[in-house]
1. Dipole size in debye (nearest 20) for the chain around its Cα centre, Lys and Arg Cβ +1, Asp and Glu Cβ -1?
2. For region 84-95, just list the computed ³J(HN,Hα) in residue order, Karplus coefficients 6.51, -1.76 and 1.60, θ = phi - 60°, integers in Hz, with x standing in for Gly and Pro.
3. Pick out which of His60, His248, His155 has the largest mean-square fluctuation in a Gaussian network model of the chain, springs linking Cα atoms closer than 10 Å.
4. Once you've got the GNM for the chain with C-alpha springs shorter than 10 Å, pick whichever of Ser110, Ser162, Ser87 has the biggest mean-square fluctuation.
5. Under the rule a/c < 1.5 gives rounded, and otherwise a/b versus b/c splits prolate from oblate, where does region 32-156 land using the Cα gyration tensor?
6. Over region 144-237, what relative contact order in percent results from Cα pairs under 8 Å that are six or more residues apart?
7. What percent does the relative contact order of the chain come to when contacts are Cα pairs within less than 8 Å and at least six residues apart?
8. Divide by every residue of the chain the summed helix terms, -39500 (n - 2.57) for each DSSP H run of at least 4, and state the resulting mean residue ellipticity at 222 nm, rounded to the nearest 500 deg cm²/dmol.
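Readers should treat all values here as calculations from the given coordinates under stated rules, not as data from a laboratory. Since the model is a prediction, treat every value here as computed from it, not as a measurement. A quick note on method: Cβ atoms are made from the backbone with ideal geometry, for glycine too, and the neighbour counts reach across all protein chains shown.
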Amino acid sequence: MTEALISDGPVARIPAVNLSSPLTMEGNDVADAISGESEGDPTLNNMIAIENLRLWYGEHQALHGITMNIRERYVTAFIGPSGCGKSTLLRCVNRMNDRIADCRIQGRVSLDGMDIYEPKVDVVRLRTRVGMVFQKPNPFPKTIYENIAFAPRIHGVAQKGSEMDELVETCLRRAGLWDEVKDKLQQPGTALSGGQQQRLCIARTIAVRPDVILMDEPCSALDPIATAKIEELIDELKNEFTIVIVTHNMQQAARVSDYTAFFYLGALVEYQDTNTMFTSPHKTQTEDYITGRFG
Ligand SMILES: Nc1ncnc2c1ncn2[C@@H]1O[C@H](COP(=O)(O)OP(=O)(O)OP(=O)(O)O)[C@@H](O)[C@H]1O
Ligand SMILES: [Mg+2]
């Protein structure tokens, strides 16, 4: 963790989740599937730990005790039929549900060992550590340059002049967009194509150097070529960032993710390495879903 989430002074750090712990805490299938792999391997860390998370919108319970760990610098896909709570769970990881008036949460979500629902947590800072990319590209109504420069300036990552120019170029290059926009940095971000706008949003997200990037169906409004570019980008970015992606596209989950979690009716049904999930899922319900028999 490069930066504390709490703005007013240091706090005791909760130790990160044991490196050899399984992805889920309740010893279900994934424990057997990958715990051996992680034992003694210092490169495997759990960036996000979700413990017995329950969430209600008013009277309606949308999440029913979700417990899972999400590995650092891997891509984890959330799959499941519409309304099963994928977006809700994703939003819990950067406290986007705080904005919903009658939303109530129990349980714990920690980022690199720190409880993000702790009252002292600075939510603005949390959201720079845990960035989010949405289904519909949403560039700021500003220039392409300013879309990247805005947040780093506010958060003091870079200020102006050549330092900022370099940051803007680096982020656009990393998002695979530089060659397409380098001659029109002063044009509005909203004038780009949908796929370019989505890459701009990813460039904007990485500009504040988050640890985690949450993506909620980032390709569902894009054509196959723009989708392929985003998928390539995800593959490259996972070397540096922990990525969680919600997708309805099974092929996409199989292509881009290392781990896959299948949700149904607000519960985590199965969580496996992606290969196992798509070749020999342990639960009939999962198999029915990924083979298109329901959902
Ligand atoms: N802001 C909200 N207020 C009230 N209920 C909500 C709200 N957002 C989601 N819900 C309800 O919570 C449940 C889970 O919704 P969520 O959007 O998380 O599902 P999802 O798996 O992302 O679905 P989709 O695949 O259609 O995007 C649904 O029953 C939904 O109606
Ligand atoms: Mg959703």
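1. Once rounded to the nearest 20, the dipole reads 920 debye.
2. Per residue, the Karplus-derived 3J(HN,Hα) values read 7, x, 4, 5, 4, 5, 4, 5, 5, 7, 10, 6 Hz.
3. Its mean-square fluctuation being the largest, the pick is His60.
4. Ser162
5. oblate
6. Computed over region 144-237, the figure is 34 percent.
7. Rounded, it is 24 percent for the chain.
8. Result for the chain: -9500 deg cm²/dmol, rounded to the nearest 500.
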